[in-house]
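Below is one structure, written out as structure tokens, with a few remarks after it.
Here, each number is a calculation from the coordinates, and none is a lab measurement. Every value quoted in this text rests on a predicted model; they were computed, and no experiment measured them. Glycine gets a Cβ as well: all are built from the backbone with ideal geometry, and neighbour counts include every protein chain shown.
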Amino acid sequence: MTKIEMFQQLVDYRINSITRICDMIKIDFSSNEKELCLHVQSALFRVVKQDKLLISSNDIYVPSVNYIAKRFKKFKWDVPGNTLFDDCLQKIISKMLGKKVVSVNYDGQDLIINLEGQERIEIISNTLEKECEKFRLFVKGDIDSHIVVET
């Protein structure tokens, strides 16, 4: 199966979860048949609605609006709940869960997932680093199904 065919499988799937593990964004999509997982590692992940930015992976490294700096303590972006990304995810997660994928665009580097309700998930290449994994899509539980996009 080609990359575009794999990505096109997302059409009619629904978002089941959006989480992060350190700086990797994990999005699970489900249908009646199976679950597809999208891991975004070294690419810009963002959600946009009508050209308004709702969330960006760049904000993983920015302290939460509720973060209180402590003397001699370094900001820990890898702790869930500490970042602006986590704040934004909390605001949009209930509206995102269950959203259906209506179309997918893939140009060899970037992936745009259009959702019902005029939202879209954008995964944009943002590095020229060689042999760098940007994102991958796979069938949950199937090690042979991994489609990896890298530079």
request  = Quote to one decimal, in nm, the extra length available between Asn16 and Val65 on full extension: 0.36 nm per residue of separation minus the C-alpha distance between them.
outcome  = 15.0 nm
request  = Would you please put 126-137, 20-31 in order of how densely packed they are, using the mean number of other Cβ atoms within 10 angstrom per residue and starting with the highest?
outcome  = 20-31, 126-137
key: Distance violations [Cα-Cα > 18 Å] among Lys26/Lys134; Lys100/Lys134; Lys3/Lys49; Lys49/Lys99; Lys49/Lys100; Lys26/Lys52   = Lys100/Lys134; Lys3/Lys49; Lys26/Lys52
request  = Taking the Cα centre of the chain as origin, work out the dipole magnitude from +1 charges on Lys and Arg Cβ and -1 charges on Asp and Glu Cβ, in debye rounded to 20.
outcome  = 820
query = In a GNM of the chain with a 10 Å cut-off on Cα contacts, which of Phe75, Phe85, Phe138 has the highest mean-square fluctuation?
reply = Phe75
ask   = Using 0.36 nm per residue, how much length does the chain from Val48 to Val102 gain when fully extended, once their Cα-Cα distance is taken away?
value = 18.0 nm
task = Give me the distance in nm between label points sitting 7 Å out from Cα along the Cα-to-Cβ direction at Gln8 and Asp28, one decimal.
result = 2.8
inquiry  = Ignoring everything except DSSP H segments at least 4 long, calculate the 222 nm mean residue ellipticity for the chain; use -39,500 (n - 2.57) per segment, divide by total residues, nearest 500.
reply    = -3500 deg cm²/dmol
